[in-house]
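Colleague: Here it is, the structure, as structure tokens.
The values are calculated or read from the model by the stated rules, or taken from the named source; none is laboratory data. The structure presented is a predicted model; accordingly, all values stated were derived computationally and were not measured. A quick note on method: Cβ atoms are made from the backbone with ideal geometry, for glycine too, and the neighbour counts reach across all protein chains shown. Quick note on the areas: whole protein, heavy atoms, side chains included, nothing else; ligands and nucleic acids left out. Shrake-Rupley method; radii C 1.70, N 1.55, O 1.52, S 1.80 Å.
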Amino acid sequence: RRMFLATAQDVRVVVIKLYDRLHNMQTLGAVRPEKRLRIAQETLELFAPLAYRLGIGNLKGELEDLAFPYVFPKDYEWVRREIKDRLSARERYLKRLLPRVREELAQEGIKVVNVHVRAKHYYSLWKKLLKHNMDFTQIYDLAAVRIIVPSIEECYSALGVMHRHYRPLPGRIKERMGFGATVTA
């Protein structure tokens, strides 16, 4: 309640509180066992969604992944075991692909802010698997190339370049507009 009241006056207070919670979650192992579950649940239910709403998606993912093993320990271990080999193979392939993607975008004169490989967070993957009856064949983004460009126009130009060089998966393209334009395909 205090955090929400502080938000009305200065959002920086909430951002500081979120990063304080991240630090607390990183050291949760030192907390008494009976308090861990409560803190982890609070993180999943309140702090991670708040980070997402403030546009700090990476922080949201970190908070969720730190809370996941405390709130759902068996599910966490299962996900970790199941993706170990799958994720590393996809990441290796995509990292080899990155120079080619950068080159293709440069040849088209598209200004790129950042191109990187990102792995799906464990908690996010688990939630997606729940929707798909725990079927890994329905998960296309264990690892993905994320292309960040400075404008909406360049976003669609980058998307066009990627479609010319790589077969698109219908219904699997996400556009996110924020400080730059992002296409995840």
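Colleague: Considering just Cα atoms, how many Å³ per residue does the convex hull of the chain enclose?
Modeller: Per residue, the Cα convex hull of the chain comes to 142 Å³.
Colleague: For the range 1-95, compute Rh as the Kirkwood radius over C-alpha pairs and then the Stokes-Einstein diffusion coefficient at 25 °C and 0.890 mPa s; write the answer in µm²/s, rounded to an integer.
Modeller: Translational diffusion coefficient: 167 µm²/s.
Colleague: Then there is this: Taking only protein heavy atoms and a 1.4 Å probe, what accessible area per residue, in Å², does the chain have with all protein chains in place?
Modeller: Per residue, the chain has an accessible area of 63 Å².
Colleague: Under 5 Å between amide H atoms, partner at least 5 residues away or on a different chain: which partners does Ser151 have, H built in plane at 1.01 Å?
Modeller: Here the answer is Ala181, since their amide H atoms fall under 5 Å of that of Ser151.
Colleague: Could you work out how far helix 33-42 tilts from the main Cα principal axis of the chain, as a 0 to 90 degree angle to the nearest 10?
Modeller: 50 degrees
Colleague: If the range 57-126 were replaced by its equivalent ellipsoid, with semi-axes equal to the square roots of 5 times the Cα gyration tensor eigenvalues, what would those be, largest first, whole Å?
Modeller: 32, 15, 6
Colleague: Can you give me the angle between helix 57-71 and the longest principal axis of the chain, using Cα atoms only, in degrees from 0 to 90, rounded to the nearest 10?
Modeller: Relative to the chain, helix 57-71 is tipped by roughly 50 degrees.
Colleague: Binning at 10 Å from 0, report for the range 37-85 what percent of all alpha-carbon pair distances ends up in each bin.
Modeller: 29, 45, 24, 1
Colleague: Determine the relative contact order of the range 50-171: mean sequence separation of Cα pairs under 8 Å and six or more apart, normalised by residue count, in whole percent.
Modeller: 27 percent
Colleague: What does the helix-only formula give at 222 nm for the chain: each DSSP H stretch with n ≥ 4 adding -39500 (n - 2.57), the total divided by the residues, and the result rounded to the nearest 500 deg cm²/dmol?
Modeller: Helix contribution divided over all residues of the chain: -20000 deg cm²/dmol.
Colleague: Between Asn133 and Arg100, what is 0.36 nm times their sequence separation minus the Cα-Cα distance? Round to one decimal in nm.
Modeller: Answer, rounded to one decimal: 8.4 nm.
Colleague: When the Karplus curve 6.51 cos²θ - 1.76 cosθ + 1.60 is applied with θ = phi - 60°, which whole-Hz ³J(HN,Hα) does each residue of the range 18-24 get, with x for Gly and Pro?
Modeller: Each residue's phi maps through the Karplus curve to give 5, 6, 5, 5, 4, 4, 4 Hz.
Colleague: Nothing charged except the Cβ atoms of Lys and Arg (+1) and of Asp and Glu (-1): what's the magnitude of the dipole of the chain about its Cα centre? Round to the nearest 20 debye.
Modeller: Using Cβ point charges on Lys, Arg, Asp and Glu, the chain gives about 300 debye.
Colleague: Computed over the Cα atoms, what is the radius of gyration of the range 110-157 divided by 2.2 N^0.38 Å, N being its residue count?
Modeller: Relative to the rule-of-thumb radius for its length, the range 110-157 sits at 1.49.
Colleague: Return the carbon/sulfur percentage of the accessible area of the chain, one whole number, probe 1.4 Å, all protein chains in place.
Modeller: The computed percentage sits at 53.
Colleague: Given R₀ = 45 Å, what would the calculated FRET efficiency be for His165 paired with Ala30, taking r from the Cβ atoms and rounding to 0.05?
Modeller: Result of the calculation: an efficiency of 0.35.
Colleague: Could you work out how far helix 152-165 tilts from the main Cα principal axis of the chain, as a 0 to 90 degree angle to the nearest 10?
Modeller: Long axis of 152-165 versus the principal axis of the chain: about 60 degrees.
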